[in-house]
Amino acid sequence: MDSLHAPWRIEYILSPKPDLKEGLFTRIGQSSEDVENLVVVRDRTCFALLNRYPYNGGHLMVVPYKEVPDLNGLTDEETTDLCKLVRRCTNALTAVMKPDGFNVGINLGKVAGAGIAEHLHIHIVPRWNGDTNFMPVIANTSVVPDALKEIGAKLRAELGK
């Protein structure tokens, strides 16, 4: 078996873990530590952050501050804000990373693949021609070309314009 070295993971492994009486996205939404939490933009009713365990480089999630399991828990205004932020984020990713396309989606419920089923979030995954290869199929590993904090800084700058 080959080893894939990921020295940046040791920081997470050794760091103290928070006592999560509240959901992960709720905690991040209430925190002011945007760089540490990989938050790239905040709006009135929602925010966007980089996925700490991305499918592809630039994988973002757009999250309402309100903790709801599906779209029915949001007002029309909150739903509109969510969609507008998805649009802003895809535009920023296009400017910064130049993808050929995107997968944009919502996993509702654990059975649908939601890792955090209690808090609705929309995934934005940049895609490039030829970005599928043997690594995910044979090694169950994806190769992410950018460091999260570096791409986060670039996206924060673009979204701040």
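The values are calculated or read from the model by the stated rules, or taken from the named source; none is laboratory data. Because the structure is a prediction, the values reported are computed rather than measured. Reconstructed Cβ throughout: ideal geometry from the backbone, glycine too, with neighbour counts over all protein chains shown.
Identify, from the list ASN56, ASN51, ASN107, ASN91, the residue that is polar (S, T, N, Q) and within 16 Å of ALA157 (Cα to Cα).
ASN91
Would you check if GLU78 is in contact with a Pro (Cβ under 7 Å, 6 or more places away or on another chain), part of a helix (DSSP H, G or I) and among the acidic types (Asp, Glu)?
So GLU78 passes the test.
Out of the residues in the range 11-26 that are outside any loop (DSSP other than H, G, I, E, B), of a type outside the set (S, T, N, Q) and at pLDDT 75 or above, state the one that is nearest to the chain's Cα centre (by Cα).
Looking at residues that are outside any loop (DSSP other than H, G, I, E, B), of a type outside the set (S, T, N, Q) and at pLDDT 75 or above, I get PHE25.
Looking at the range 29-50 only, could you name the residues that are crowded, with 17+ Cβ neighbours inside 10 Å and either free of Cβ contacts under 8 Å to residues at least 24 places away in the same chain or part of a strand (DSSP E or B) (or both)?
Scanning the range 29-50 gives ASN37, VAL39, VAL40, VAL41, CYS46, PHE47, ALA48, LEU49, LEU50.
Could you check the range 85-100 and list, in sequence order, the residues that are of a type in the set (A, V, I, L, M) and touching a Lys or Arg at 6+ places or on another chain (Cβ under 7 Å)?
Within the range 85-100, just VAL96 meets the criteria.
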